[in-house]
1. When the accessible area of chain A is split by element with a 1.4 Å probe, what percent falls to carbon and sulfur?
2. Order of B:48-59, A:146-157 by packing, highest average Cβ count within 10 Å first?
3. Give the relative contact order (percent, whole number) for the range B:136-222; include only Cα pairs under 8 Å separated by 6+ residues.
4. Counting other Cβ atoms within 10 Å, keep those with at most 11, restrict to DSSP loop, and tell me which GluC sites (Glu not before Pro) in the range A:1-58 are left.
5. As an exercise, identify the trypsin sites (Lys or Arg not before Pro) in the range B:159-268 lying in DSSP coil whose Cβ has no more than 16 other Cβ atoms within 10 Å.
6. What does the charge dipole of chain B about its Cα centre add up to, to the nearest 20 debye, if the Cβ of each Lys and Arg holds +1 and the Cβ of each Asp and Glu holds -1?
7. Using Cα positions and a limit of under 24 Å, work out the lysines in reach of B:K3, with same-chain residues fewer than 8 apart set aside.
8. Rank A:I448, B:L47, B:L36 by how far each Cα sits towards the positive end of the charge dipole of the protein assembly as shown (+1 on Lys, Arg Cβ; -1 on Asp, Glu Cβ) and give me just the farthest.
Amino acid sequence: MEAKNLTTKERLQIPPVAMPEQDPRERVRNVSEVPIGYDAAMALTESQRCLQCKNAPCVKGCPVEIDIPAFIKAIVEGKYRDSINKIKETNILPAVCGRVCPQEEQCQKGCVVGKAHKDVDKAVQIGKLERFAADWEMERGEAEVPVIKASTGKRVAVVGSGPAGLTVAADVRREGHEVTVFEALHRPGGVLIYGIPEFRLPKRIVMREVRNLERMGVTVRTNYVVGKTATIDELFDEGFDAVFVATGAGLPLFMRIPGENLNGVYSANEYLTRANLMAAYSFPESDTPIARARNVAVFGGGNVAMDAARTALRLGAENVYLIYRRSKAEMPARVEEVHHAEQEGVQMMLLQNPIRLIGDDDGWVREVECIKMELGEPDASGRRRPVPIEGSEFRVAIDACIVAIGNASNPLVPATTPDIAVNKWGNIVADEETLKTSKKGVYAGGDIVLGAATVILAMGQGRKAAHAINEFLASGAW
Amino acid sequence: MNKILEKEFITPFVFRMKVEAPEIARKRKAGQFIILRTCDAGERIPLTIADGNADEGWIELVVQVVGKTTKQLSALGPGQEICDLAGPLGKPTHIEFFGTVVIVGGGIGIAPSHPIAQAMKRAGNRVISILGGRTKDLVIMEEKMRATSDRVVVTTDDGSYGIKGLVTDAIQKLVDEGEKINLVVAIGPPIMMKFVSLLTKKFDIPTLVSLNTIMVDGTGMCGACRVTVGDQTKFVCVDGPEFDGHKVDFDEMMKRLRAYESDEKTSRERYEQGCCGKHR
């Protein structure tokens, strides 16, 4: 097909190109990535579905406003280098975002092609094309280091090396400021490393992005717990001119039901951190253990719950039950993640809620008692409120369970920097446009501000914050 | 990477290690801990800081060889480096003038109780230290504790040194002597802290215990370290490590400490057979 000759009608007739995936029966026995990626022919076909709309509703749906028509046009023309460079003008982590962004709620939601078919699933597969361009560059070795402006002598501290922190580091460094990223754990990447599993986001991608930052001249300090190793005020004393706080959600919520401190009961954070960051799936080659359970229950219905459930399968569980108190329609997880989980054999137990965990004499969890639920009137979130059905209690035999009902905000920075205002949930209060906090020179973004959100929203905040920090450092005006 | 400056075995299974860590040394206060890893495949384990010097930029750890990580750490010496070291973590001990403070250190727990004894002494308290060990050789750091205490009582299980008996016997004796105790700080094996707390509750003496639970990140992110204190679940890493001993559910904590017992054994055996864990 010759791209330029296609009419709109012809473009609309091209069906969306599915991305090949590892077979579900095979992939539950490995930790390799599930979707394999487009080849050049697939990318060409998919990119030809784009109508190159002038008003580009896709761009408006993107938190970092990637020039989507332009990068797709470059793929049609086979100019992959131009394509990836176009993306990287506004997004420093395209290989990450192409994999983990909820495109169906963002760029692809407004896509005219999807609208024409009255089906968002038939929108141009922007995320998959983004991944194609990013992977193309990755296969060619090191990325091009962007132009760094002459040194300003100003110093910026970035607290946390997750998606928000990495974005700020790149955008501030490009302006010629000196940047140090402080990471509490022994490896940088934040949730991209400890949280999102290898089969959804290979760690080599994250490590490569961090290396790219270092090649840009950004200093990354691991094992540095801001709030403990040094406070924000001490960072200013050491000569930093601005600080960006992006410490993440990072304080797991539990259900407050009896038995929750039994052995084998994990927060999703702990389970995923053991499995991902600490490589517990290769125990005893790696030292960190994790319960090798046959029957695992996961409580929750978000993306993290899906990650935990799919991880449990890969750690050898025979039965993984995902227990969620509402119905499938209310699940906050991406449709694609739910689909992948079901394909792999995760058993969905909907409209059911755990009320008690029962253990043995050694303190290990052995059963979960649940109650059936029905949907009542809509609650504050607009979703129908789940109401327990009296007398419907039942038990399920388990030997591990994972609580994936969300996170509160991490207290380390707010607790040691009282002049940074927080809201009643402990999230740092930051201006929507500039991400300024109540403390001069301190900005904040990502989950510490948003609560538990997404990688791309964190990056979107990072971009805005970096812009504001660059202005602040240039003008000195707060 | 943090360079090891000194290492010395003080009992057959306990060693002290002085490590270069200027930033931690500058910030650390009594009661705080670090998390370390000994190699790239290593586990993250918490260890309480036993001493430190901000001017010279070092901290000291006193470590008992228990599992693979502590075994591997014990094999390192001056000039070598610790792969990862982060801290100081946890809340510092609340130090003020209480009056008479009894510091109870059991076995390896004597090491972390030393900086607390020092700080309590500096705050003007009368400090009585009770040092307990199974046998004479396991009563460590006696000289250092004497230097910072108004009175020292030693107990050994086998009677090879000091009073024959447990640290609780020594507390009972102090009470019997009419000693007015305003605060007890107990650090040692969980079972010791449990029985100290049970005893002091009887006499209504406020009691702090320092918990050393399983941790992964040590910054509040994972919740592996949770304990029941009163009717609440607390995270030892960010809410502790010190809690009101009268409210801690020690039985639950001891079960949680045993969660990975067989895996820990596997790791250690593999290491001893030379299977893995090469220091990088």
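1. Percent of accessible area from carbon and sulfur atoms in chain A: 51.
2. Ranking, from highest mean packing down: B:48-59, A:146-157.
3. Worked out over the range B:136-222, it gives 18 percent.
4. Those satisfying the criteria are A:E2.
5. Taking the range B:159-268 and a limit of 16 other Cβ atoms within 10 Å, the loop trypsin sites (Lys or Arg not before Pro) found are B:K180, B:R258.
6. 100
7. A:K228, B:K18, B:K27, B:K29, B:K68, B:K71, B:K278
8. Looking along the dipole axis, the top candidate is A:I448.
The values are calculated or read from the model by the stated rules, or taken from the named source; none is laboratory data. Just so it is clear, the model here is predicted, and its values are computed rather than measured. Positions of Cβ are backbone-derived with ideal geometry, glycine not excepted, and every protein chain shown enters the neighbour counts. When the accessible area is computed, the model is the full protein with side chains, heavy atoms only, and any ligands, DNA or RNA have been set aside. Shrake-Rupley method; radii C 1.70, N 1.55, O 1.52, S 1.80 Å.
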